[in-house]
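So the structure is just underneath, and the comments pick up after that.
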Amino acid sequence: MKRLMIAGTGSGCGKTTVVCALLQALVDRGMKTASFKCGPDYIDPMFHRKVIGADSYNLDSFFCDDNTLRYLLHRGAGEISVIEGVMGFYDGLNGKGSSFEVSEITDTPVVIVVNSRGMSESLGAVIKGFLSFIQPNNIVGFIFNRLAESRAEYVRKLCRELGTEYLGHFPSDEDFALESRHLGLVTAAEVSGLKDKMKKLSAAAEKYLRIDRLLELANSPELTFSEPEIKSVNKVRIGLSTDEAFCFFYPENGGMLERMGAEIVPFSPLRDEKLPEDIDGLILCGGYPELYGEKLSENSSMLSSVRTAVNNGLPCIAECGGFMYLHREFEGMDGKFYNGVGVIDGSAIKTPKLKNFGYSVLTASSDNLLCKKGECFPVHEFHYFDSKCCGDSFIATKPGKIGERKCVIASNSLWAGFPHMYFYASPQIAKNFLAACERFKENG
């Protein structure tokens, strides 16, 4: 099984650019290519999907145990699987969730992308540091981003002297840059001329990267795992918000619900007049409602449809952007306030910095749609917005840190809050959600 991780020295080093370039080059070579992203990120996999024409999956060792992680990698693998790292290679939460940990669990060879701008001899210290910081490790070589062509031969020599491989470089070129905004990169759907940009990246990869050698280094042992038990339930229909404003949803979550018997019914809060007919449950996923406030608020028939359904007990999960949408009003990035659904009688407001960023563990304060009192599961948060109506149905704690906070509005039919969930971290919450949907179908 060929697999390779492209990790980096830190955020912003260019690993997404290198990964997309490599993926496009492999696709252009006619290889059945699969892609993955370490950690909980939604946006990078969107770019992967645009390139390979298929779902890209997350591999998160904070959310998942070792067996589940190996299973997910095997399940989504292609002829060649490319895994993009998260942050810097060794960065995680007390060692959990790092690219390093994922590479160890999955026995995957690693290539480190180095942002070379403004460095010369100091590149040697970076190379040596990453090779020796934790040993053993699976680092097989380096790619140097933003490296002047005139320095390439020197860096090749430096790699030889330090006992590692020079696997190519990328020059500084604005044509290769991917735009960013307050939650990282803009989404793939928003990049004008993305197809042409990817073709340029593919040509650059063929010119500047040692792709044949990367494929040789990608040879890896077969993964050993046992398939997680996913219990099925009766057929139910789940409405899923899917458009530019609501695009943060793990395909693994949808896949698990489908394996359990659910039919996923996509709809657009931006463009559709009302919720899909005959749905038994609703998922309002995260995204960028703050960028589409005017259009969302003008779609009054959809606001009314969602409000009526949720108030009538339709089982509903609303994460982050979906949670904001349920408010009476929410602030847009333009500073104006826009009408929301109104199930939550409050305002979602913009803040100057990230709120409650990172991993947490939620413990239920009472029985609710997804779990029983005292039960817990891991989540992730990444948002610049806040609310005075964040709820008190769960207690959130950050592993290794002192303190706790109340969050999430939850009842027997609603789970609404800023945290994002990953169903493979706790399949029981998916099962409980579908069971509630089934009861609604029978009695609603």
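Long-range amide H contacts for Gly287: which residues qualify at under 5 Å (H placed 1.01 Å from N, peptide plane, sequence gap of 5 or more or a different chain)?
Cys247, Phe248, Gly321, Gly322
Using the alpha-carbon atoms, what tilt in degrees (0 to 90, nearest 10) does helix 15-28 show relative to the longest principal axis of the chain?
80 degrees
Note down the net charge around Asp66, summing +1 for each Lys or Arg and -1 for each Asp or Glu among other residues with Cβ under 13 Å from its Cβ.
Summing Lys and Arg as +1 and Asp and Glu as -1 gives -3.
Return the equivalent ellipsoid semi-axes of the chain as a descending list in whole Å, where each equals the square root of 5 times an eigenvalue of the C-alpha gyration tensor.
40, 23, 21
Enumerate the amide H contacts of Arg237 below 5 Å, restricted to partners 5 or more residues apart or on another chain; note that Pro and chain-start residues carry no placed amide H.
Counting only residues 5 or more places away or on other chains, the set is Glu263, Asp280, Gly281.
What full-extension length gain, to one decimal in nm, is calculated for Ser226 and Arg117 as 0.36 nm per residue of separation minus the Cα-Cα distance?
Extra length from Ser226 to Arg117 when fully extended: 34.8 nm.
How many nm separate the modelled label positions at Asn94 and Arg160, each set 7 Å beyond the Cα in the direction of the Cβ?
It is 4.6 nm.
Report, by chain and number, residues whose modeled amide H sits under 5 Å from the one on Ser61, excluding near sequence neighbours (fewer than 5 apart, same chain).
Gly39, Gly97
Taking the alpha-carbon distance from Lys32 and a cut-off under 15 Å, which aspartates and glutamates remain once sequence neighbours fewer than 8 residues away in the same chain are dropped?
The reachable aspartates and glutamates, counting only those whose Cα sits under 15 Å from Lys32, are Asp55, Glu79.
Going toward the positive end of the dipole of the chain, with +1 on Lys and Arg Cβ and -1 on Asp and Glu Cβ, which of Phe246, Asn299, Val361 do you reach last?
Value computed over the given set: Val361.
Using a cut-off of 14 Å between alpha-carbon atoms, which aspartates and glutamates can reach Lys388, once sequence neighbours fewer than 8 places away in the same chain are excluded?
Partners found: Glu329, Glu331, Asp345.
What net charge do the residues around Lys441 carry, taking every other residue with its C-beta under 14 Å from that of Lys441, with Lys and Arg at +1 and Asp and Glu at -1?
Taking every Cβ under 14 Å from that of Lys441, the sum is -3.
Net charge around Cys320, counting only other residues with Cβ within less than 12 Å of its Cβ (Lys, Arg = +1; Asp, Glu = -1)?
Its environment carries a net charge of -3.
So, in nm, how far is label Arg75 from label Thr308 when the simple model puts each one 7 Å beyond its Cα toward the Cβ?
So the label points at Arg75 and Thr308 sit 3.7 nm apart.
If the reach is capped at under 14 angstrom between alpha carbons, list the aspartates and glutamates near Lys200, excluding any in the same chain fewer than eight residues apart.
Asp28, Asp173, Glu174, Asp175
Any of Lys2/Lys37; Lys373/Lys431; Lys195/Lys353; Lys235/Lys274 with alpha carbons more than 24 Å apart? Name them for me.
Lys195/Lys353
Cross-link list Lys15/Lys355; Lys50/Lys372; Lys15/Lys231; Lys295/Lys372: which exceed 30 angstrom alpha carbon to alpha carbon?
Lys50/Lys372; Lys15/Lys231; Lys295/Lys372
Any chance you could give the angle, 0 to 90 degrees and rounded to 10, that helix 194-208 forms with the longest Cα principal axis of the chain?
Roughly 30 degrees between the two axes.
I need the peptides 13-19, 381-387 ranked by packing, meaning the mean over residues of other C-beta atoms within 10 angstrom, with the highest value on top.
Final packing ranking: 13-19, 381-387.
Just so you know, all these numbers are worked out from the coordinates, no wet-lab data involved. Here the structure is a predicted model, which is why all the values come from computation and not from measurement. All Cβ positions, glycine included, derive from the backbone under ideal geometry; neighbour counts span all protein chains shown.
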